[in-house]
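Down below is the structure, laid out as structure tokens.
The values are calculated or read from the model by the stated rules, or taken from the named source; none is laboratory data. Remember, predicted model here, so these are calculated numbers, not experimental data. Here the Cβ is made from the backbone with ideal geometry for all residues, glycine too, and neighbour counts use every protein chain on show.
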Amino acid sequence: MSKRGLNIYKRRDGRWEGRFKCGYNALGKAKYRSVYAKSYSAVRELLEREKAARNQCCPPKCTIGELCNLWLIDVRNKVKESSYANYAMKLRKHILPRFAGMKYEALTALELNNFISDKLKSGLSEKYVSDIVVLMKSIARFGSRNYNYPNKIEFVTLPKAFKQAEKPLLDREEQQRLQRALMREPTPTNVGILLSTATGIRIGELCALRWADIDLEKSILTVRRTVQRICNIGKSGTRLVISAPKSRSSVRQIPLPEFILPVLRESRAAGECYILSGTSCLVEPRTLQYRFKRLLCRLSLPQVSFHTLRHQFATRCVELGFDVKTLSEILGHHSVEVTLNRYVHSTLERKRDCMKLFSDSTKSA
């Protein structure tokens, strides 16, 4: 029979067993471990040692700053380097200045809601503030699983994201002007931009693309890498990193449209050379964005972002009748919902075309 207040029992074999909570599994259920001894007092002593050992790793009155550092250590080898740098940056710029010295036990939903309100008033977007809150919730779950801390912010709601204005796209005439200019002057930069208009690849994927990634005989482009600039952890400044693409779905093969193949054959360089430079030197995303802006200015086209080309490709593919599953795989999305909700836009021209179809069907009825 167990003693009141303690999870200690006498077993049928005569030994005493003590159980203690050692965290939670992936489904949120408590995990337990047992210790054994010949007497009740010995088992109780063992339980006290286990409790002391766990508290030594993370004291009962741990600060939020200390818990954040423990969480960072835990996730460092579980996520990509760029993700880790992003987490560390959000902690350094937003979370730690407000909460570093606060005892974790003092954190409340009200305190976090005030923090959310202040961040929104400072001009940060709902999406960015939501990312910060999700990060804090992850740290709270870590404390709950590993140190039995109560998760006080589990039910804090994320900032309501208002529907953003649709990204402005080039109209069909502007798209044609851009494509003609790119094909007329097939410099390495222009060939890269043309590839983006024809495949919808991300800017980081394009910057990391080598000629060896393009099989002209099979007309296939293979996305294997991405490049991005990340913060130097513990140091000032940033640095470029080449890594695997954004997700498993982003590693993909894309069939190339026929119109671009002659341009690629004429521009082809050695396999180890980057598409955007024609040499072994890398062109980083920021440089490509500057070049794209100058090109738009020279052609008197609207100053859209480089990422607009990806949105434009997706929208055009839907207009041409692509099924969403195929388009989603070409874009490297993990789900068709991302493709439909973020990358497919209904232009005014498309709405007119649809209404014309409706009008024509009404006349023939």
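Answer yes or no: is there a residue in segment 187-205 that is in the same structural domain as Leu320 (by TED's automatic domain parsing), in a loop (DSSP other than H, G, I, E, B) and either polar (S, T, N, Q) or more than 25 Å from the chain's Cα centre (by Cα) (or both).
yes
Quick check, is Ser236 part of a loop (DSSP other than H, G, I, E, B), loosely packed, with under 15 Cβ neighbours inside 10 Å and at pLDDT below 90?
Yes.
On the basis of being of a type in the set (Ser, Thr, Tyr) and under 30 Å from Arg265 (Cβ atoms), does Thr199 make the cut?
yes
So in segment 206-231, with the set limited to residues that are charged (D, E, K, R) and not in a helix (DSSP H, G or I), which one is surrounded by the fewest Cβ atoms within 10 Å (Cβ to Cβ)?
Checking each candidate, the answer is Glu217.
If you check Cys62, Cys68, Cys58, which single one turns out to be surrounded by 13 or more Cβ atoms within 10 Å (Cβ to Cβ) and at pLDDT 90 or above?
Cys68
Please enumerate the residues belonging to segment 136-159 that are free of Cβ contacts under 8 Å to residues at least 60 places away in the same chain, within 16 Å of Met102 (Cβ to Cβ) and of a type in the set (A, V, I, L, M).
Met136, Ala140, Ile153, Val156
Confirm whether Ile116 is buried (at least 19 other Cβ atoms within 10 Å of the Cβ) and of a type in the set (Val, Ile, Thr).
Taking the combined requirement at face value, the residue satisfies it.
Residues that are closer than 27 Å to Leu6 by Cα and either of a type in the set (Ser, Thr, Tyr) or touching a Lys or Arg at 6+ places or on another chain (Cβ under 9 Å) (or both): which helices (runs of 4 or more DSSP H) entirely in segment 45-152 hold 2 or more of them?
126-147
Please go through segment 282-311 and give me each residue that is closer than 22 Å to Ile214 by Cβ and touching a Cys at 6+ places or on another chain (Cβ under 9 Å), ordered by number.
Answer for segment 282-311, where residues must be closer than 22 Å to Ile214 by Cβ and touching a Cys at 6+ places or on another chain (Cβ under 9 Å): Leu282, Val283, Glu284, Pro285, Thr287, Leu288.
Inspect all residues belonging to segment 146-162 and state whether any of them is exposed (fewer than 13 other Cβ atoms within 10 Å of the Cβ), out of contact with any helix residue (DSSP H, G or I) (no Cβ under 9 Å at 6 or more places or on another chain), among the aliphatic types (A, V, I, L, M) and not assigned by TED's automatic domain parsing to the domain that holds Gln312.
No, there is no match, as no residue in segment 146-162 is exposed (fewer than 13 other Cβ atoms within 10 Å of the Cβ), out of contact with any helix residue (DSSP H, G or I) (no Cβ under 9 Å at 6 or more places or on another chain), among the aliphatic types (A, V, I, L, M) and not assigned by TED's automatic domain parsing to the domain that holds Gln312.
Which pairs turn up if I take residues in segment 243-269 that are within 14 Å of Gly192 (Cα to Cα) and in the same structural domain as Val338 (by TED's automatic domain parsing) and look for partners that are exposed (fewer than 13 other Cβ atoms within 10 Å of the Cβ) and among the small types (Gly, Ala, Ser) with beta carbon separation below 8 Å, at least 6 apart in sequence or on another chain?
Nothing qualifies.
Out of (1) over 22 Å from Thr238 (Cβ atoms); (2) in contact (Cβ under 8 Å) with a residue 12 or more places away in the chain, the odd one out for Ile73 is which?
Every condition holds for Ile73 apart from (2).
Go through segment 176-205 and give me each residue that's surrounded by fewer than 18 Cβ atoms within 10 Å (Cβ to Cβ) and either touching an Asp or Glu at 6+ places or on another chain (Cβ under 6 Å) or among the charged types (D, E, K, R) (or both).
Arg177, Arg180, Arg184, Glu185
Whether any residue in segment 97-105 is free of Cβ contacts under 8 Å to residues at least 24 places away in the same chain, of a type in the set (D, E, K, R) and under 19 Å from Phe155 (Cβ atoms) is what I want to check.
Scanning segment 97-105, I find no residue that is free of Cβ contacts under 8 Å to residues at least 24 places away in the same chain, of a type in the set (D, E, K, R) and under 19 Å from Phe155 (Cβ atoms), so the answer is no.
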